[in-house]
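Presented below is the structure to which this report refers.
The values are calculated or read from the model by the stated rules, or taken from the named source; none is laboratory data. The shown structure was predicted, so the numbers you read here are calculated from the model rather than taken from an experiment. Using ideal geometry, Cβ is built from the backbone for each residue, glycine included, and neighbour counts are taken over all protein chains shown.
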Amino acid sequence: MMGELIELQTLEASDDRVWCVAWNPTGTLLASCGSDKITKIWGREGERNWVCKSTLSDGHTRSIRSVAWSYCGNRIASAGFDAKVSIWERQGQEFVLQTTLEGHENEVKDVAFSHSGLYLATCGRDKSVWIWEYNEEENDFACAAVLTTHTQDVKHLKWHPHKDVLVSCSYDDTIKMFIEDNDDWSCVCSLDSHTSTVWSCDFDATGKRLVSCSDDKTVKIWHAYEKNNQEGIRSPNGVYPVWKCVCSISGYHKQPIYDVKWCPLTGLIATASGDNSIRIFREEESKQRDVPPSFSLIASNAHAHSQDVNRIAFNPKEPGLLASCSDDGTVKLWRIEQKLM
Amino acid sequence: MELSSELQNLNPTIYECTEERTLQESDLNNDVSDNIDRREVFDLIRTINDPEHPLTLEELHVVDLEGVTIDNEANTVQVQFRPTIPHCSMATLIGLSIRAKLIYTLPTRYKVGVNIYEGAHIQEVQINKQLNDKERVTAALENKHLCAVVNRCIATPDD
């Protein structure tokens, strides 16, 4: 099986670095943000053309590192180097600044809504991960926990697709997982295998596997071994599954890998790197059971952007539609076509 | 990054500077296209001012031509530098200034790496990691106070 990465459109998003792109849950809108301190919302005009539908400014006084959508699609959260997290609420066709969450000491690097709609998580250079609980009556977020397990700045956050389990990636080279138990959030495991900063991670559709990428230029696949697993791998606390690295993909990127995404619709893995490239991997089908998974490169573009590719995002509804953003100020839309040899 | 007001190295050794590059006739000919070479990269960083002394990084032997490599095929530039003393608290700031100068002046196609010469600093590994984390470098250069200090280091007398 081979594939092709076809460039569909280039959006001149900014005069400066674009740090992040994120699709809304229905895949109809794409948010982008960056060093120009503005979040832009892009939508379709006609069948194929994407245009800027609205601009969210005045939320931050420094670079916006990351932007996220709530799973109801009515809220956007943006994380800034100005130590603030801004929450924007949809009113008709526009997004209005609803509230600002303050608490981090300095740069906030990522923000993520839980799939359950109950929580919002933020992280930053102050080495902490904050969990905010949504209060529907007051339509506000209150701090539920400040987790200080990481020893260095926390780069990225990801919620489990089906459970309220939070995963964080850090400059301390580790990935950590957090769960709530009796109103108390705690770290249940640490995935230590990368040899440099872990920039990003993503779950597969089942939530039983995780993919991570790092400054060490590798991608790693992690597998969750549940209680009483056939392989006989024991969980230290007997309840929470044990995560083991089952595959390492290396030799494809010449610079740090800044983002990795696992498409829930197609099962493809996409990587974005400081070497300007985007690469697409597909899992090899194995006839035998109990063999470690292996992935092969099916498509790539070594010059996807003219500078570092900072983030990529698979459209959640349209299989094979991918968005990317770069230091070159553009956002690009791609289609991945898989074909038989 | 913490900045101390105390002088770290009271009496640094001063080294001689390299001679100015002699202009070739082809340098002024717009029809001749040639790659950026390591001497040109070195010229960009050798005039950077030391944060503590009224001396350049070249005069303090913090940077030298040997520490500069450029690969025009891969579009990479690597600079190695040598803090004057192995516990110099200014090492990160010096590295950040080198990086900032190169980011601001080189074409954007180059991937810049800035590292301390092996064994030249007690916190070599930590400092190298910070200097090559683009997120931290970007955030540092957005910090008004730090940006002002870096700009003083990289300003040329003509500015």
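List of remarks:
- Restricting A:GLY59, A:GLY73 to those that are crowded, with 17+ Cβ neighbours inside 10 Å, outside any strand (DSSP E or B) and more than 14 Å from every other protein chain (Cβ to nearest Cβ) reduces the list to A:GLY59.
- Scanning the stretch B:124-156 for residues that are under 13 Å from B:VAL112 (Cα atoms) and out of contact with any strand residue (DSSP E or B) (no Cβ under 8 Å at 6 or more places or on another chain), we see that the one that is farthest from the other protein chains (Cβ to nearest Cβ) is B:VAL137.
- Residue satisfying condition, being over 21 Å from the mean Cα position of the chain (by Cα) and aromatic (Phe, Trp, Tyr), within set A:TRP69, A:TRP50: A:TRP50
- Residue in the stretch A:223-236 that is in contact with a strand residue (DSSP E or B) (Cβ under 9 Å, 6 or more places away or on another chain) and within 14 Å of another protein chain (Cβ to nearest Cβ) present: no
- Some residue of the stretch A:306-313 being closer than 22 Å to A:GLY43 by Cα, buried (at least 21 other Cβ atoms within 10 Å of the Cβ) and without any contact (Cβ under 8 Å) to a residue 60 or more places away in the chain: yes
- Taking (1) under 16 Å from the mean Cα position of the chain (by Cα); (2) more than 14 Å from chain B (Cβ to nearest Cβ) in turn, A:VAL309 satisfies each apart from (2).
- Helices (runs of 4 or more DSSP H) fully within the stretch B:70-159 that include at least 1 residues being basic (Lys, Arg), surrounded by fewer than 16 Cβ atoms within 10 Å (Cβ to Cβ) and touching a residue at least 12 places away in the same chain (Cβ under 8 Å): B:144-154.
- For the stretch A:189-203, the condition of being modelled with pLDDT under 95, more than 21 Å from A:GLU105 (Cα to Cα) and more than 14 Å from chain B (Cβ to nearest Cβ) holds for at least one residue.
Let's see how each residue does on (1) loosely packed, with under 14 Cβ neighbours inside 10 Å; (2) more than 14 Å from chain B (Cβ to nearest Cβ); (3) of a type in the set (A, V, I, L, M):
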| position | (1), (2), (3) |
| --- | --- |
| A:PRO25 | no, yes, no |
| A:LEU30 | no, yes, yes |
| A:LYS37 | no, no, no |
| A:ILE64 | no, no, yes |
| A:ALA68 | no, yes, yes |
